[in-house]
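What follows is a single structure, written as structure tokens, with notes after it.
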Amino acid sequence: MKSPIPDYLDEMLENERPDEAGELAGYIQELASADPDQLGAALATLDGEIYCAGDTDIEFSIQSISKPFAYALALADRGVDQVLDKVDVEPSGEAFNEISLDKDGRPLNPMINAGAITTHSLIGLPGCTAEDRVERMVEGLSAFAGRRLAVDEGVYRSELDDAHRNLAIAHMLRSYDVLTEDPRAVVDGYTRQCSLMVTVHDLAMMAATLANQGVNPVTGERAVPVAVIRQVLSVMSTCGMYDAAGDWTTQVGIPAKSGVSGGVIGALPGQMGIATFSPRLDNHGNSVRGVALFERFSSDMGLHLMEVPAAARSVLREHAPSGTETVRIFDLQGSIRFAGAERVVREIVRTDIAEDRVALDLTAVHSLDDVARRMLLEVARRLSIEGKEVFLVDPDTVIPDPDPGTDGSLAVVSRRDELH
Ligand code: GLU
């Protein structure tokens, strides 16, 4: 049987294909001569499956979609505080190439050019050469994509020849000491960053790596530490779509970034990466058909981040005493966070447990965050203080180091039948 998902993607592309609204980005020669009819989309899951439709093998320059990934690298290399010192995280509401800095000369966010040029200068170790920085940038973005990406010299040259505005921004940043090195070398490196060639398949993979807490779902390689991902996704959701971020957040609700060559990516944390490619742009600079596709994907697939199903309800499966059993078993399942753990804790507290032995069966639990782990262990500790013998059935070690201070009365077993 054929999966319905590629058919769905094909149908969505065919719906959008007739829409010829918008203009190609005219200010970079190589982009002005792109084929305006190109159209592609890809979805990458976090366990490495990818669904593609349309022009998925056509390479185009990544442009501003490089910005969140470069930001992730700078955060990884210099730490959040040092990067925040130089680049703020406030939406600007202005065009991407606006010369907008705060009163200390700090760019408003890393998704506008002033912030992205500064961010580029923070990639690599302090004091590294411009060449080393470019190599680190290429290698870092390639780790997100899961294949070695390359700069297109034609795009790079044509963009650099006309980089007057970006040079003006960089010189101004230098005058405030936000940039501390040669502004021309930084703009050169930033322009190379924008000229990396990608396909819509690559972009979906890169977005999926962000959605997967920094680990590429196919290669398994960690591109950046998990600690930087929240920062990057947050900035994407407030500043990722040029000055249309508010509309995007209400209509689509997925952390995203677009670029002037017509790409759009969306990274849905814990679920998937999405990418579209269609070169005609609206007056914000976002791909017309890309935005329309994302609106459809979000509503058809229920992807809006503010629409989250009640996770707590399904966490506790059952806990009835089973006749002759001498142990009360609480069966948990799924992915447990605060609300789910609260549900379990409440049920245990309210239950009058006659048995001397109590077990929490975690066999069907696939993830447990830190607060949920601490809450379950605390309830285990309290049960043991009340004189119960407490067991965790944890075959996959979802609680790696259970040490609730129960004086040895918490036992971990890997199979439920070991309880009898
Ligand atoms: N290379 C482009 C510039 O700096 C990136 C613009 C974009 O995609 O928004 O002008």
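The values are calculated or read from the model by the stated rules, or taken from the named source; none is laboratory data. Computed from a prediction, not measured in an experiment: that's the story for all the values here. When we count neighbours, we look across all protein chains shown, and the Cβ atoms used for this are built from the backbone with ideal geometry, even at glycine. These accessible areas exclude ligands, DNA and RNA; they are computed on the full protein's heavy atoms, side chains included. Shrake-Rupley method; radii C 1.70, N 1.55, O 1.52, S 1.80 Å.
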Somewhere in the range 43-52, is a residue closer than 30 Å to Asp177 by Cβ and touching a residue at least 40 places away in the same chain (Cβ under 8 Å)? no
Give the residues of the range 87-111 that are open to solvent by less than 50 Å² (accessible area, probe 1.4 Å) and more than 25 Å from Ala25 (Cβ to Cβ), sorted by residue number. Asp88, Val89, Asp102, Gly105
Counted residues, the range 198-214 - those being in contact with a strand residue (DSSP E or B) (Cβ under 7 Å, 6 or more places away or on another chain) and open to solvent by 30 Å² or more (accessible area, probe 1.4 Å): 1
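Rundown of residues vs (1) open to solvent by less than 30 Å² (accessible area, probe 1.4 Å); (2) within 26 Å of the chain's Cα centre (by Cα); (3) touching a residue at least 12 places away in the same chain (Cβ under 8 Å), yes/no style:
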site	(1), (2), (3)
Asp300	no, yes, yes
Leu316	no, no, yes
Val327	yes, no, yes
Ser335	no, yes, yes
What number of residues in the range 159-185 are open to solvent by 20 Å² or more (accessible area, probe 1.4 Å) and among the small types (Gly, Ala, Ser)? 3
Could you list all residues from the range 278-292 that are on the phi < 0 side of the Ramachandran plot, among the small types (Gly, Ala, Ser) and in a loop (DSSP other than H, G, I, E, B)? Ser278
Within the range 112-129, the count of residues that are more than 15 Å from the ligand (Cβ to nearest atom) and either crowded, with 17+ Cβ neighbours inside 10 Å or under 20 Å from Ala163 (Cα atoms) (or both) comes to 3
Among the residues of the range 20-35, are any farther than 27 Å from Gly146 by Cβ, in contact with a Lys or Arg (Cβ under 8 Å, 6 or more places away or on another chain) and either away from the ligand (no atom under 16 Å from the Cβ) or part of a helix (DSSP H, G or I) (or both)? yes
Looking at this structure, is Met1 in a loop (DSSP other than H, G, I, E, B), farther than 30 Å from Arg133 by Cβ and among the aliphatic types (A, V, I, L, M)? yes
Among the helices (runs of 4 or more DSSP H) lying completely within the range 152-231, list those that include at least 2 residues that are closer than 26 Å to Arg106 by Cα and more than 16 Å from the ligand (Cβ to nearest atom). 164-175
